[in-house]
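The values are calculated or read from the model by the stated rules, or taken from the named source; none is laboratory data. Note that this is a predicted model, so its numbers are computed, not measured. Reconstructed Cβ throughout: ideal geometry from the backbone, glycine too, with neighbour counts over all protein chains shown. Just so you know, the surface numbers come from the protein's heavy atoms only, side chains and all, with ligands and any DNA or RNA stripped out. Shrake-Rupley method; radii C 1.70, N 1.55, O 1.52, S 1.80 Å.
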Amino acid sequence: MNSIQPALRRVARVAVPALALALPLAHAMAQTLPAAFKPTVLHKFGGENKGGAKPAVPPVLAADGRLYGHTFLGASPSAGAFWGQGTVYGLDTTGANHRFELLGSIYQGSTPLVPTADGGFLGAGNGAVPPGGNFWETAAVVFSIKDGKAVALPAPSFKPLGSMALDTAGNLYMGSGESASACGVNTTANILWRMNADRSYSKVVDFCQYEQQQGNKQLHPKGGAPVASVWSSKDQALYVLTGVSADGVVDRVDSTGRRNTKLSYRF
C-alpha cells in the first residue's frame, strides 16, 4: 500500500519565525479559550428536500458581508440525479436570511467557492452523467454561481481537488482529485492545472517531470499532488500546498511509522 513520508519545505520565504510565535500563542489560547469561547449556532441544515445537508467545505465571506457555500445533499435522487442534488446557499453572519438553490445538473460541489470580481463565485464538483457512461456515474465540472444560480463551464478532463485560487487576470488554479499520487502513464494527480480566462485548460506544473526512482521509492524533490492554492494580489504570486512530500511515494510505511506531511511552494 502506498504511503507518504514526511517533509516540510518551501521554495521561498520560509515562515519559521511566525511558526515559533504561533506555538506559545496557541498554548496561551488553550489556557483561556474554553472559558471565553461560546459557540453560536447560525443555521441548522434541514436535510434532503429541506434546504440541504452535509456541508462538506467551509463557507466563504463575500464582499457583501454574507457567508456562501454549498451542501453535498439538497434534493433526493428523484430530483434528477442518481446521487441527488446539492445546494448553494447564502446567509448573513448573524444566521438570518438563509437562502438556497439546487445545483441542478451540476449535482454536487466538492471544492470551496472562490469569489469573483463581479460578485459571483467559481467552484468545482460532480456534473451530469458523462457521454456513454452509466447512470450512476458523474463527470467533473467547473461552475460559476451568480445571483444564486449555478451554471456549468467547459468541463476539465480531470476531477478538481481542494482549494482553488483565482488570480487578477481571471485564471483559476486547481489540483486534481485523482487518488493515486505515484507518477504513471495516466496520472493527473501530480499536475497543477489552470482554467484560463478564456475557459480553456492548461498545465502549469507537471511535478512528474521531476520524479526520481530510487529502489522501491518514487521520489518527488519538488512535491506533487497539489491540494490547495492561494493567490496573493500583494506580491502577484501563487502559493501552492502539495500532498506528496519530497521523500516521495513508497510501497511501505517507514521504520518510524511516519506518513503524510505537506510541501509548500511559491510560483
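Quick notes
- Any hit, the range 191-198, residues being modelled with pLDDT of 80 or more, closer than 25 Å to Leu153 by Cβ, buried (at least 19 other Cβ atoms within 10 Å of the Cβ) and in contact with an Asp or Glu (Cβ under 6 Å, 6 or more places away or on another chain): yes
- Any strands (runs of 3 or more DSSP E) falling wholly within the range 140-243 and containing at least 3 residues that are touching a residue at least 12 places away in the same chain (Cβ under 8 Å) and within 24 Å of Ala56 (Cβ to Cβ): 140-146, 149-152, 160-166, 172-176, 191-195, 224-232
- When residues of the range 202-234 are limited to those that are closer than 30 Å to Leu122 by Cα and of a type in the set (Lys, Arg), the one surrounded by the most Cβ atoms within 10 Å (Cβ to Cβ): Lys222
- Candidates Ile145, Ile106, filtered to the one that is under 24 Å from Gly175 (Cα atoms), surrounded by 14 or more Cβ atoms within 10 Å (Cβ to Cβ) and modelled with pLDDT of 85 or more: Ile145
- Members of the range 35-57 that are open to solvent by 80 Å² or more (accessible area, probe 1.4 Å), in a loop (DSSP other than H, G, I, E, B) and not charged (D, E, K, R): Phe37, Pro39, Thr40, Val41, Asn49, Ala56
- Being at pLDDT below 85 and within 22 Å of Ala150 (Cβ to Cβ) holds for only one residue in Gly69, Gly65, Gly84, and it is Gly84.
- From the options Ala165, Ala180, residue that is out of contact with any Lys or Arg (no Cβ under 8 Å at 6 or more places or on another chain), at pLDDT 90 or above and aliphatic (A, V, I, L, M): Ala165
- Pairs, first among the hydrophobic types (A, V, I, L, M, F, W, C) in the range 45-59, second assigned to a strand (DSSP E or B), C-beta under 7 Å, six or more apart: Phe45/Gly52; Phe45/Ala53; Phe45/Thr71; Ala53/Gly47; Ala53/Thr71; Ala53/Leu73; Ala56/Phe72; Val57/Gly69
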